Amino acid sequence: MRTQFSTDLEQTREQVAVSQELAKATERCALREIDQERTLRQKGEQAVADLRTELPVAQTRAQEAAVASAEERARLQAERDTLSRQWAEAQQDLADGQAVQGSLRADLEAALRRAQAEATAAPRLVSPRQRTPATKTKFKPGAP
């Protein structure tokens with residue numbers, strides 16, 4: 001019985017030793033997981049803190065960009081309106097110029113017709129043969 005008891009005691013001690021090793025391994029694994037989770041949480045908190053500091057900067061940049069864009073859009077719209085007005089004025093000036101040109105052309109054609117009519121209606125006072133020739137002067141070298 002003593003030997004049986006010693007054997008049982010030895011088996012129990014071995015089982016306890018194995019259980020203790022298993023418990024230690026499980027504890028090490030759990031501590032490692034806890035440490036990993038702690039590290040991840042710290043990294044996450046750091047990322048949140050970084051983002052909290054970056055957010056106002058990004059918001060300010062976005063607002064400045066929006067204001068600059070609105071100012072540029074307003075400038076371009078004003079420029080477009082000015083150019084549209086200038087275009088309309090140029091078209092009106094062209095139409096006015098074409099109207100004046102048409103009126104001047106009509107006046108010129110009427111004046112030409114009158115001149116032709118007067119030229120054909122007026123009697124010739126002198127025939128081309130009766131015209132007196134212009135007097136000829138001789139060139140004298142050294143004369144003033």
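The values are calculated or read from the model by the stated rules, or taken from the named source; none is laboratory data. Because the structure is a prediction, the values reported are computed rather than measured. All Cβ positions, glycine included, derive from the backbone under ideal geometry; neighbour counts span all protein chains shown.
Got at least one residue in the range 29-36 being surrounded by 10 or more Cβ atoms within 10 Å (Cβ to Cβ), without any contact (Cβ under 8 Å) to a residue 24 or more places away in the chain and within 43 Å of the chain's Cα centre (by Cα)? Within the range 29-36, none of the residues are surrounded by 10 or more Cβ atoms within 10 Å (Cβ to Cβ), without any contact (Cβ under 8 Å) to a residue 24 or more places away in the chain and within 43 Å of the chain's Cα centre (by Cα).
You will find that of Ala119, Ala99, the residue that is surrounded by 10 or more Cβ atoms within 10 Å (Cβ to Cβ) and at negative phi is Ala99 and no other.
Which of (1) modelled with pLDDT under 95; (2) surrounded by 10 or more Cβ atoms within 10 Å (Cβ to Cβ) is the odd one out, the single condition Ala143 does not satisfy? That leaves (2) as the condition not met.
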